[in-house]
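I have placed the structure first, in the form of structure tokens, so that the comments after it can refer back to it.
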Amino acid sequence: MDESNLKQDQHKASGVDIAEADAGLSNIVSRITATWPKSGFGAVQLPIGYFANVVDIGGTGLAITTDGVGSKAMIADMMRKYDTIGIDCIAMNVNDLLCVGARPVSLVDYIAVEKADAAMLDGIAIGLTEGARQANISITGGEISQLRDVVRGFDLVGTAVGTVALDRILVGRDLQPGDVVIGIASSGIHSNGMTLTRRVFFEQAGAKIDTYFPELGYTIGEELLRPTIIYVPEVLKILEKVPSVKALIHITGDGLLNLPRVEAEIGFVIDDLPPPPPLFELIEKLGGVSRAEMFEVYNMGIGFCVVVAKGDADAALAILEHHNRRASVIGHAVIDPTKSVQLPREKLVGTGKKFHPA
């Protein structure tokens, strides 16, 4: 195996086998879709695999999704700081609901703990409450499970619902060549790629949770615990005011390879990315991670994408500026049956879950 393959296998070596997870998911999908009503009340509107799904509830689209904070919970445990991790839980769910054009409404949470700790649970609740405030949703219930034999530390997951008109569900069906991709800045790592990141900093580089990195201006713990941005207010305003919204893409695991999840046979040329935040440059340098794998695992500074007709780009950018979001046009759509993502500056082309040299 050559050096490039060794580098590209680092995410798997860190304990995240994406290929095996995908194989397991395929089996699950084939079984659960057998439960779907053929039509009428409860009819499922989308295939499995988009950011959220929509169910027909008497003529109203009920959007639903579930997600968690992953191993970012371990960073909160290492920091003994729990009052922001709930924001991440809310963000991961409501940002996904936006991608089908839904207005988020409410969330229920599930907290699995090794051992009940009142202060920790209160801290998680503080973050959940703040996240709900930012997203303008309610938290209508949840569950706390003490699972000493199963969980180390804690895990935090949410299920969120929203509403969308059945004839306004967004899946990127109407994308056309020349439509522009607006990238909205992330706050940093958000809630994906944390397993590889922990391996790089704490195992390979020998850093501690309170190690200060001048490049970051923070300790590594502070940087990694920075909450995921909630994009709800600004994206809902764009949906309201901009007539040509073609697709909304939450940039999570798989990075910019989330873009081709749209329905149309469209590829993307992303040729004007802003420089990635210093954290990602540190991970690449300290871990010897290939540039291709960096773009496969991390958001690289872009947390959410809005795809609109070229003539509406300025209107969307004005709304984002009004909401104090850093955003810019980072690329455009092209005809491409292979649904690739081209990064000309990086000399990379991505299909599926992998980037390769162009």
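The values are calculated or read from the model by the stated rules, or taken from the named source; none is laboratory data. It should be emphasised that the depicted structure is a prediction, and the values quoted were computed from it without experimental measurement. Backbone-built Cβ (ideal geometry, glycine too); neighbour counts: all protein chains shown. Accessible surface is based on the protein model in full, side chains and every heavy atom, while ligands, DNA and RNA are left aside. Shrake-Rupley method; radii C 1.70, N 1.55, O 1.52, S 1.80 Å.
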Links that overshoot a 24 Å alpha carbon limit, given the list Lys285/Lys347; Lys72/Lys208; Lys72/Lys285; Lys208/Lys285; Lys38/Lys354; Lys38/Lys246: Lys38/Lys354; Lys38/Lys246
Potential extension, Ala205-Arg345 segment - 0.36 nm per residue separation minus Cα distance: 47.6 nm
Selection from Leu25, Leu259, Val164, by position along the positive dipole direction of the chain (Cβ): Val164
Separation between Cα centres of region 147-189 and region 24-50, rounded to whole Å: 18
FRET efficiency, Ala358 to Gln146 (Cβ-Cβ, R0 56 Å, nearest 0.05): 0.65
Karplus (6.51, -1.76, 1.60) ³J(HN,Hα), θ = phi - 60°, over region 143-149, in Hz, Gly and Pro reported as x: 8, 10, 10, 8, 10, 4, 7
Cβ charges +1 (Lys, Arg) and -1 (Asp, Glu), total dipole of region 217-358, debye: 80
Which of Ala309, Asn299, Leu320, positive extreme of dipole for region 205-358 (C-beta unit charges): Ala309
Dipole moment magnitude, nearest 20 debye, the chain about Cα centre, only Lys, Arg, Asp, Glu C-beta charged: 260
Lys, Arg +1 and Asp, Glu -1 on Cβ, resulting dipole of region 111-202 about Cα centre, debye, nearest 20: 240
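Show me the ranking of peptides 308-315, 70-77 by mean Cβ neighbours inside 10 Å, starting with the highest.
Ranked from most to least packed, the peptides come out as 70-77, 308-315.
Hey, can you find the accessible area per residue of region 85-145 for me, probe 1.4 Å, expressed in square angstrom?
36
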Simple label model, 7 Å out from Cα along Cβ direction - Asp272 to Lys241, nm: 2.0
DSSP H segments from the chain that extend 27 Å or more along their own axis, Cα-based, with Kyte-Doolittle mean of -0.5 or above: none
Structure-derived Cα extents along the principal axes in Å: which label, when the choices are (i) 51, 47, 44; (ii) 80, 59, 47; (iii) 67, 46, 35: (i)
Solvent-accessible area, 1.4 Å probe, carbon plus sulfur percent, for the chain: 52
Value of [θ]222 nm, deg cm²/dmol, for the chain, DSSP H segments ≥ 4, -39500 (n - 2.57) each, nearest 500: -9000 deg cm²/dmol
1.4 Å probe accessible area per residue over region 206-315, in Å²: 34
Dipole-positive endmost among Ala207, Val242, Pro227 within region 160-265 (Cβ charges, Cα centre): Pro227
Cys99 accessible area, 1.4 Å probe, all protein chains in place, Å² to nearest 10: 0
Most mobile listed residue (Ile182, Ile28, Ile335) in the chain, GNM with C-alpha springs under 10 Å: Ile28
Efficiency of FRET between Arg173 and Asp117 - r from beta-carbon atoms, R0 51 angstrom, step 0.05: 0.60
FRET efficiency, 1/(1 + (r/R0)^6) with R0 35 Å, evaluated for Ile57 and Arg133 via beta carbons: 0.85
